[in-house]
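Taking it in order: structure first as structure tokens, then the write-up.
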Amino acid sequence: MLNVYQVGKLMYILKTPPGIAEWKKDPEAMMDRFGLTEEDRGPIRDKVARPFYDAGLHAHLLGSGSRAMGLEPMAKYGNTSGTPTPEEAEERKKFSDKIATELGLITQTPVGR
Amino acid sequence: MGQIVLGVGTSHSPGQTSQIDRPPLKQVENCWNAWMKIRSAVQTLKPDLIVEFSNDHWCNYYDPYPPLAIGVGASHYGPVDGDMIKIPKGQIPGHADFAMSLLKAAYENGFDPVPQQNTLIDHGHAIPYHTFNPEHNIPLVPILINAITEPMPTTRRLYQFGNFVRTFINSRPKGERVMIIGAGGIAHDVGTPRSGWIDTDFDHEFLENLEHDRVENINAYTSERMGKSGNGAHEIRSWVAAMGAMKGTKAKVLAYEPVVEWITGTGVVVWEA
Ligand SMILES: [Fe+2]
């Protein structure tokens, strides 16, 4: 049985910069530190999130954890209500830029959700 | 005595600030015009502090996960997910005196929130706070409601807690002018195969319940009912706390759009004090 508590705990730490740095350096050592079993490591090595979702791991944590670990995510966020015309796309960008300026938003391209 | 000068219920989905250019312009304009209207009201009303009910998203807690916590620090750090939501990170001013007094009064009145000195602010609090006060010069008292992992507090209890917060504010000898925010929801599902589906029926019913002040309907929402409309629909708990704080005033829906690109039924409500 997958130990969702421990896998979730690891994914919780992976929401922090030190956690991500530790993961990048040595994932196996980090999985040792969190007491993950061979079974727990299976989906991670196979790069899939689904078994953890089916075992009850919280979808929020699984989403951010999947990004950090490079797993195939459960959710795809590319939903769209349609492709805009070039004019509409231009209008959207103008409006977006206006708000970003007014609120002092960071203007680089975002990285996922 | 203190007074609440404005109450707001709003969604806090990351797309609101990170993907403004993706949804149809009509939807984005409708939502953002409402948020900017509130921003103008804040500039006019000049509240001394903002009390914001929202929820943590696995940033401050894993185990234990408190049902209710109050950020009592002189400042808070965030947004920890600022890169994702395009809001610059940094210290956000708190209001330790107000927050500690609120905490003590809560214990005397049968509520037991957890005091939190070092609070990490994530998008749940940061998006509305930054939208209405991008200068970050109004102190923030964050109230963190568990809307993430079962068991979660009931809407009935949160309405009562919100109402207690109103009584507390009105009893403040220092006479602060306070803005209330309830942030989260409305219907959405995060990180699952059905993310992107928006239960608009749930959203319309919820907003109608707010507008008509149907407290018994609000109190009757079970966790199971909210969860059916997506794991993010649990976040209406924060609106319910705000509704309790705004008891006796009238809610008005400024905007509602089921924004597919933001995977969220996006709502904006004001209670004019
Ligand atoms: Fe949320």
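The values are calculated or read from the model by the stated rules, or taken from the named source; none is laboratory data. A quick note: this is a predicted structure, and the numbers were derived from the prediction, not measured. Here the Cβ is made from the backbone with ideal geometry for all residues, glycine too, and neighbour counts use every protein chain on show. The area values use the complete protein model at the heavy-atom level, side chains included, leaving out ligands, DNA and RNA. Shrake-Rupley method; radii C 1.70, N 1.55, O 1.52, S 1.80 Å.
Quick one: would you say residue B:230 is within 14 Å of the ligand (Cβ to nearest atom), more than 19 Å from residue B:106 (Cα to Cα), without any contact (Cβ under 8 Å) to a residue 60 or more places away in the chain and within 14 Å of chain A (Cβ to nearest Cβ)?
For residue B:230, the condition - within 14 Å of the ligand (Cβ to nearest atom), more than 19 Å from residue B:106 (Cα to Cα), without any contact (Cβ under 8 Å) to a residue 60 or more places away in the chain and within 14 Å of chain A (Cβ to nearest Cβ) - is met.
Are any of the residues in the stretch B:41-54 in contact with a His (Cβ under 9 Å, 6 or more places away or on another chain), within 16 Å of the ligand (Cβ to nearest atom) and within 11 Å of chain A (Cβ to nearest Cβ)? Scanning the stretch B:41-54 turns up no residue that is in contact with a His (Cβ under 9 Å, 6 or more places away or on another chain), within 16 Å of the ligand (Cβ to nearest atom) and within 11 Å of chain A (Cβ to nearest Cβ). Of the residues B:257, B:235, the single one that is part of a helix (DSSP H, G or I) and modelled with pLDDT of 95 or more is B:235.
Quick check on my filter: what residues within the stretch A:49-72 are open to solvent by 30 Å² or more (accessible area, probe 1.4 Å) and either under 13 Å from residue A:2 (Cβ atoms) or in contact with a Cys (Cβ under 6 Å, 6 or more places away or on another chain) (or both)? Spell out the reasoning first.
Just the residues of the stretch A:49-72 that are open to solvent by 30 Å² or more (accessible area, probe 1.4 Å), to begin with: A:50-51, A:53-56, A:58, A:67-68, A:70, A:72.
Within the stretch A:49-72, A:50, A:51, A:53, A:54, A:55, A:56 meet the criteria.
Please indicate, with yes or no, whether at least one residue in the stretch B:141-163 is more than 16 Å from the ligand (Cβ to nearest atom), over 30 Å from residue A:58 (Cα atoms), modelled with pLDDT of 95 or more and open to solvent by 70 Å² or more (accessible area, probe 1.4 Å). Scanning the stretch B:141-163 turns up no residue that is more than 16 Å from the ligand (Cβ to nearest atom), over 30 Å from residue A:58 (Cα atoms), modelled with pLDDT of 95 or more and open to solvent by 70 Å² or more (accessible area, probe 1.4 Å).
Which of the residues that make up the stretch B:164-204 are among the aliphatic types (A, V, I, L, M) and open to solvent by less than 10 Å² (accessible area, probe 1.4 Å)? Residues satisfying the conditions are B:165, B:169, B:178, B:179, B:180, B:181, B:183, B:186, B:187. With respect to residue B:36, determine if the residue is within 16 Å of the ligand (Cβ to nearest atom), open to solvent by 10 Å² or more (accessible area, probe 1.4 Å), within 14 Å of chain A (Cβ to nearest Cβ) and among the aliphatic types (A, V, I, L, M). So residue B:36 does not fit the description; no.
Under the condition of being in contact with a helix residue (DSSP H, G or I) (Cβ under 7 Å, 6 or more places away or on another chain) and more than 14 Å from chain A (Cβ to nearest Cβ), the residues counted in the stretch B:253-273 number 8. On the stretch given as the stretch B:164-196, residues that are away from the ligand (no atom under 16 Å from the Cβ) and either more than 30 Å from residue B:43 (Cβ to Cβ) or assigned to a helix (DSSP H, G or I) (or both) total 10. Among the conditions (1) more than 10 Å from chain A (Cβ to nearest Cβ); (2) surrounded by fewer than 24 Cβ atoms within 10 Å (Cβ to Cβ); (3) touching a helix residue (DSSP H, G or I) at 6+ places or on another chain (Cβ under 9 Å), the only one that residue B:128 does not satisfy is (2). Determine whether the stretch B:206-223 contains at least one residue that is of a type in the set (Val, Ile, Thr) and closer than 12 Å to residue B:185 by Cα. No - not one qualifying residue is present in the stretch B:206-223. When residue B:66 is tested against (1) in contact with a Pro (Cβ under 9 Å, 6 or more places away or on another chain); (2) farther than 19 Å from residue B:234 by Cα; (3) surrounded by fewer than 23 Cβ atoms within 10 Å (Cβ to Cβ), only condition (2) is not met. In this entry, residue B:61 passes the filter for residues that are within 16 Å of the ligand (Cβ to nearest atom), open to solvent by 10 Å² or more (accessible area, probe 1.4 Å) and under 19 Å from residue B:241 (Cβ atoms).
For the stretch B:240-251, a tally of residues being in contact with a helix residue (DSSP H, G or I) (Cβ under 7 Å, 6 or more places away or on another chain) and either in a strand (DSSP E or B) or open to solvent by less than 30 Å² (accessible area, probe 1.4 Å) (or both) returns 7. Please work out if residue B:264 is over 17 Å from residue B:155 (Cβ atoms) and over 16 Å from the mean Cα position of the chain (by Cα). Considered against the rule, which asks whether it is over 17 Å from residue B:155 (Cβ atoms) and over 16 Å from the mean Cα position of the chain (by Cα), residue B:264 comes out as no. Does residue B:225 meet the test of being outside any loop (DSSP other than H, G, I, E, B) and within 16 Å of the ligand (Cβ to nearest atom)? For residue B:225, the condition - outside any loop (DSSP other than H, G, I, E, B) and within 16 Å of the ligand (Cβ to nearest atom) - is not met. Does the stretch B:131-139 contain at least one residue that is within 16 Å of the ligand (Cβ to nearest atom) and in contact (Cβ under 8 Å) with a residue 60 or more places away in the chain? Yes, there is a match, as at least one residue in the stretch B:131-139 is within 16 Å of the ligand (Cβ to nearest atom) and in contact (Cβ under 8 Å) with a residue 60 or more places away in the chain. Sort out which residues of the stretch B:207-227 are free of Cβ contacts under 8 Å to residues at least 40 places away in the same chain and either open to solvent by less than 10 Å² (accessible area, probe 1.4 Å) or within 30 Å of residue B:45 (Cα to Cα) (or both), and write them in order of number. Matches in the stretch B:207-227: B:208, B:209, B:212, B:213, B:214, B:226. Helices (runs of 4 or more DSSP H) fully within the stretch B:21-123 that include at least 1 residues being among the basic types (Lys, Arg): B:25-45, B:96-108.
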